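Reading through the structure tokens given below for one structure.
The values are calculated or read from the model by the stated rules, or taken from the named source; none is laboratory data. Remember, it's a predicted structure, so these values are computed and weren't measured experimentally. Because the Cβ atoms are built from the backbone with ideal geometry, glycine has one as well, and the counts that use them run over all protein chains shown.
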Amino acid sequence: FPKGAFRLKGEQIDGSFLLNNETYLVEAKWHSTKTGNADLHAFHGKLDQKISWARGVFISWAGFTKSGLDAWGRGKKVICVSGYDLVLMLKNNISFRMLMEEKIRRAAETGNLYIKIDEIYPNISK
């Protein structure tokens, strides 16, 4: 079940949810500009202060800058989701669970933390 935003000493987490018995902490940015390296690092810093098995999902309505993702690197415990992903997910009746499971699997296989939905499902309606 999803949990709404909550505050801990000196920080705010936008929410959390359980997926396949794993807890994911959520950071959401609803800005008109793409999310870059600084915001990604800040969220990962919050995760580093949590228990070692904590994972994160970073949702950015505008998406992510290529330079930000490149600078941020691989091997993080965060999956990135864009507004583009969410719109096509809803338009094509793909569940959030299915999308996340595919993103997580591909991240584990490739090291890429942001895989666009149309790379996962190349024949979806745009």
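The lone criterion from (1) of a type outside the set (F, W, Y); (2) under 14 Å from the mean Cα position of the chain (by Cα); (3) within 22 Å of N123 (Cα to Cα); (4) part of a helix (DSSP H, G or I) left unmet by C80 is number (4). Cβ contacts < 9 Å: first residue of a type in the set (G, A, S), restricted to the range 72-85; second residue assigned to a strand (DSSP E or B) and crowded, with 17+ Cβ neighbours inside 10 Å, any location; separation 6+ or different chain. Result? Listed pairs, sorted by first residue: S82/T35; S82/I59; S82/S60; S82/F64; G83/I59; G83/S60. Evaluating T65 against the criteria (1) of a type in the set (S, T, Y); (2) under 12 Å from the mean Cα position of the chain (by Cα); (3) farther than 22 Å from E22 by Cα leaves one unmet condition, (2). Looking across the range 54-77, the residues that are in a helix (DSSP H, G or I) and surrounded by fewer than 16 Cβ atoms within 10 Å (Cβ to Cβ) come down to K66, S67, D70, A71. Given the criteria under 15 Å from I115 (Cα atoms) and either assigned to a helix (DSSP H, G or I) or not hydroxyl-bearing (S, T, Y) (or both), does V26 qualify? Spelling it out, it is not the case that V26 is under 15 Å from I115 (Cα atoms) and either assigned to a helix (DSSP H, G or I) or not hydroxyl-bearing (S, T, Y) (or both). Being over 21 Å from E109 (Cβ atoms), in contact with a helix residue (DSSP H, G or I) (Cβ under 6 Å, 6 or more places away or on another chain) and buried (at least 18 other Cβ atoms within 10 Å of the Cβ) is the filter here, so list the residues in the range 21-53 that pass it. E27 - this is the single residue of the range 21-53 that is over 21 Å from E109 (Cβ atoms), in contact with a helix residue (DSSP H, G or I) (Cβ under 6 Å, 6 or more places away or on another chain) and buried (at least 18 other Cβ atoms within 10 Å of the Cβ).
One residue stands out in the range 47-77 among those that are in contact with a Phe, Trp or Tyr (Cβ under 7 Å, 6 or more places away or on another chain) and at pLDDT 95 or above: the one that is farthest from H31 (Cα to Cα), namely G56. A search for C-beta distances below 9 Å between a residue of the range 102-122 that is over 17 Å from G73 (Cα atoms) and any residue that is surrounded by 15 or more Cβ atoms within 10 Å (Cβ to Cβ) and among the basic types (K, R), counting only pairs 6+ apart in sequence or on different chains, returns I117/K103; E119/R106; I120/K103; I120/R106.
So if I check each of K103, K50, which one is within 19 Å of L19 (Cβ to Cβ), among the basic types (K, R) and assigned to a loop (DSSP other than H, G, I, E, B)?
K50
One residue stands out in the range 87-126 among those that are basic (K, R) and loosely packed, with under 13 Cβ neighbours inside 10 Å: the one that is nearest to K34 (Cα to Cα), namely K126.
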